[in-house]
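The values are calculated or read from the model by the stated rules, or taken from the named source; none is laboratory data. In this text, all values refer to a predicted model and were calculated from it rather than measured experimentally. Using ideal geometry, Cβ is built from the backbone for each residue, glycine included, and neighbour counts are taken over all protein chains shown. The accessibility values were calculated without ligands, DNA or RNA, using every heavy atom of the protein model including side chains. Shrake-Rupley method; radii C 1.70, N 1.55, O 1.52, S 1.80 Å.
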Amino acid sequence: MDFEYTQEEQAFRQEVRDFLDKNLPPWEQRGPGFMAEWLKKVRGKCWVGFSWPKEVGGGGGNIMEQVILKEEMARRRAPALGTCFMGLAWVGPGIIKYGTEEQKQRFIPEILDSKYQWCTGYSEPNVGSDLASLQCKAVRDGDSYVINGTKIWTSLAPFADWISMLVRTDNSSESKHEGITSLLVKLDSPGIDIQPIENMAGASIFAQIFFDNVRVPVENRLGEEGKGWEVTISSLANERSSIGEVTAMYEKLENLKELIKKARKNGKPARKDVGVRRRIAEFESRIEAMRLNGLRYLTKQIKGEPLSSETSVNKLHRALLEIDMTDFAVDILGQAGLQLSGQEEAVDHGRWATAALSWPDVVIGGGTPNIQKNIVAERILGLPKD
Amino acid sequence: MNFGFTQEQDLLRDQVRRFLDDNCAMPEVRKIMKQPSGVSADLWQQMADLGLLGLIIPAEFGGVGLFWEDLIVVLEETGRSLFPSPFISTTLAASTLVELGNAAQKKKWLPEIASGNTIAACAILDEHDCPQLDNITLAISSERTLTGDKSFVPDAGIADLFLVAFRDGDELALALIARDEPGVDTSTTATMDESKRTGTLKLDNVSIDASNLLQCDGKAMTRLLDKGSVAVTAEMIGAAETVLEMTTQYAKDRIQFGHPIGKYQGVKHRLAEIYLDIESFKSLLYYAAWTIDQSPDELSRSASIAKAYASDAFVAIGIEGVQLHGAIGFTAEYDVQLFLKRSKWARPMFGDSDYHYERIAALGGL
């Protein structure tokens, strides 16, 4: 075991720190032009798409450098390195792996430049965890596909310019995984209707999208016709060791501790309450377990051993922590914990209440906890499939 | 960055696993358990011959000179097979002697421990088993003698040498007391986990002088207790993994309602949760073991996090292992119940989760 960083790694960390010292002013000093300026600067450093190959304009960063960059950014609560969130997370890696040369040249620079917002169209009204049974249909007609059907729970759809979506182009195959095709569709195409859906926190971040004879040029197909499942699985498996998330979780824990120091429980200071202290210590221990699990998985990656489904372990930790920590904060605050963001007198501007209503975003998206448990039980423990 | 084991450590694991599989499979464990001493002299000698009893003892004193990150590999394996022996007690005592003993003490005792001739045990706490320093109450008299009982001393009945904690005025102190010194007696207490032994060390006017005093203070005492937590947690991992293996196999084999019960989410999700917990306290333990030798300032926090997490998780795993087996798991003949008993033994050892979570909260600024 060895937790030291090499000289090169230390130098890179210093480079990131120096950059942040110079270019990341404190929150209250950030003017209206800050974000555009920030995006330009990190793009100039080639830190957007940092893990992507240099040929496509990415940073070509190795695994340790990616970890260091994420850690330092999270530690300083830096804004995102790009605002094309889905493009950077899923769509870009898919295009790099399966796209034509033309698609790469057309889409990748725009993703890196935060030019457009992408969303990903997987779920349908009756298709959630069982994604491969999707029914939104596309029929080939000359140089186009014609899409009919609907997608739902599509995050960022109300703000997006493009959607990377899965459609069924062939119903004849026995396997439901066959006959699925991946298409890149411009959201202002005729026949598209986006209906935002309000979530329980009062935000409209996801939407249902209706497709009525929407024509998409064949050159916007990603990968081969009928092989869209492979494209999706590979991008969903675009796993990370969750190091950046852990740094963010430690931040949340610190915020929670600050809250505890101000709060009261049973008429006494909450920080002296045995139950409160134990809960906080449990959260800390679970976050530390996430951190160290992440380092063990990272070590496997560095050694070139393929990561299998172990990363479901940290996804489960993260999901349960998000739920438990936000709920605990609201509980500690009592009635005052019920005031949502936007109210003047709300504690911490209502951040905790809003957080306690927003966890499904990370907990449900990308596979519910029950699905993660299925993955662990079936792929790691070898138990029979449902 | 390398948070994994070396090839040598993997080989060590293979060697110990083979040794225990060949020589101390479950029927043998049950046989040793039933003996009054609770240990097999023959296997203990073989442990010494393999270098395991001197693993962390420096080569100049007859040991192998390795570290705690190597030792936990062995402890995971002894836990995995419920190997009944005073290995934790003896190794913890040896590790303390290495750090706190003077040249003469080390020269006298360490080779004896490494060769298997001396079994050692630590008698630290009084009254109850909460590992707080103010729970060390035994005080030395003005004539420099110790009189009193140390209860819940692991392996008291078979130890040849004791590390005994006491108060000398306001200071904490630690003495080496051999069983054959005048005024030393022990009694053994029967507990539900017959693969582990505990007992009372009775001291009656036992003289203490410079020759048997170790260089100990509060910080060193805390470190001893933290290392104890790490050692016990390492055995908990091995034992928990056996429960998971046994129960997963059972869930694949047992057919009900026309399918293996492991097909049902009520069963498979519990097994997935057990996997998650074992993976997690494993990571926590490995890091804590590393801090013992490489980053001592982090030891208290990392040991407490590992032991707190493991204490709750392993007890739940022990219960779940029995419950998922149904009635067969409840029988004396079936091995899974022995692991449930082990989990009850391990929970309070060097502090339960309430103790360690409280400590984590305090260390974390609350």
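Scan the stretch A:356-373 for residues that are touching a His at 6+ places or on another chain (Cβ under 8 Å) and either more than 14 Å from chain B (Cβ to nearest Cβ) or closer than 16 Å to A:E310 by Cβ (or both) and jot them down.
Filtering the stretch A:356-373 for residues touching a His at 6+ places or on another chain (Cβ under 8 Å) gives A:370, A:373.
The answer is A:K373, and nothing else.
One line per residue, one yes/no per condition, for (1) touching a Cys at 6+ places or on another chain (Cβ under 6 Å); (2) assigned to a helix (DSSP H, G or I); (3) within 30 Å of B:I124 (Cα to Cα):
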{"position": "B:G266", "(1), (2), (3)": "no, yes, no"}
{"position": "B:I274", "(1), (2), (3)": "no, yes, no"}
{"position": "B:L284", "(1), (2), (3)": "no, yes, yes"}
{"position": "B:L299", "(1), (2), (3)": "no, yes, yes"}
{"position": "B:S302", "(1), (2), (3)": "no, yes, yes"}
{"position": "B:K307", "(1), (2), (3)": "no, yes, yes"}
{"position": "B:A316", "(1), (2), (3)": "no, yes, yes"}
{"position": "B:E333", "(1), (2), (3)": "no, no, no"}
{"position": "B:W345", "(1), (2), (3)": "no, yes, yes"}
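How many residues does the stretch A:292-311 hold that are within 8 Å of chain B (Cβ to nearest Cβ) and in a helix (DSSP H, G or I)? Spell out how you get there, then give the answer.
From the stretch A:292-311, those within 8 Å of chain B (Cβ to nearest Cβ) are A:292-293, A:295-296, A:298-300, A:302-303, A:310; that's our starting set.
Okay, now just the ones that are also in a helix (DSSP H, G or I), so A:292-293, A:295-296, A:298-300, A:302.
Summing the residues that are within 8 Å of chain B (Cβ to nearest Cβ) and in a helix (DSSP H, G or I) in the stretch A:292-311 gives 8.
Kindly indicate whether any position in the stretch A:42-61 is under 30 Å from B:W290 (Cα atoms), within 13 Å of chain B (Cβ to nearest Cβ) and surrounded by 18 or more Cβ atoms within 10 Å (Cβ to Cβ).
no
Based on what the data block shows, is A:L88 part of a loop (DSSP other than H, G, I, E, B), more than 14 Å from every other protein chain (Cβ to nearest Cβ), open to solvent by less than 70 Å² (accessible area, probe 1.4 Å) and on the phi < 0 side of the Ramachandran plot?
no
Quick check on this structure: which one of B:I208, B:I278 is open to solvent by less than 20 Å² (accessible area, probe 1.4 Å), within 11 Å of chain A (Cβ to nearest Cβ) and not polar (S, T, N, Q)?
Working: B:I208 fails: within 11 Å of chain A (Cβ to nearest Cβ).
Answer to the check: B:I278.
Can you find even one residue in the stretch B:300-321 that is surrounded by 17 or more Cβ atoms within 10 Å (Cβ to Cβ), more than 8 Å from chain A (Cβ to nearest Cβ) and of a type in the set (F, W, Y)?
Within the stretch B:300-321, one or more residues are surrounded by 17 or more Cβ atoms within 10 Å (Cβ to Cβ), more than 8 Å from chain A (Cβ to nearest Cβ) and of a type in the set (F, W, Y).
I need the strands (runs of 3 or more DSSP E) fully contained in the stretch A:94-202, keeping only those with at least 3 residues that are surrounded by fewer than 20 Cβ atoms within 10 Å (Cβ to Cβ) and touching a residue at least 24 places away in the same chain (Cβ under 8 Å). Step through it out loud before you land on a result.
Details: elements: A:118-121, A:137-141, A:144-155, A:162-168, A:180-186, A:192-197.
By residue number, A:137-141, A:144-155, A:192-197.
Can you tell which of A:A80, A:A36 is surrounded by fewer than 18 Cβ atoms within 10 Å (Cβ to Cβ) and in a loop (DSSP other than H, G, I, E, B)? Break it down into steps so the answer makes sense when it comes.
Values: A:A36 fails: in a loop (DSSP other than H, G, I, E, B).
When all the criteria are applied, what remains is A:A80.
What about A:N213, is it of a type in the set (S, T, N, Q) and in a loop (DSSP other than H, G, I, E, B)? Give the derivation first.
Numbers: of a type in the set (S, T, N, Q): yes; in a loop (DSSP other than H, G, I, E, B): no.
In short, no.
Could you tell me which of the residues A:E4, A:E9, A:E71 is surrounded by 15 or more Cβ atoms within 10 Å (Cβ to Cβ), within 14 Å of chain B (Cβ to nearest Cβ) and at pLDDT below 95? Step through it out loud before you land on a result.
Numbers: A:E4 fails: surrounded by 15 or more Cβ atoms within 10 Å (Cβ to Cβ); A:E9 fails: at pLDDT below 95.
The conditions single out A:E71.
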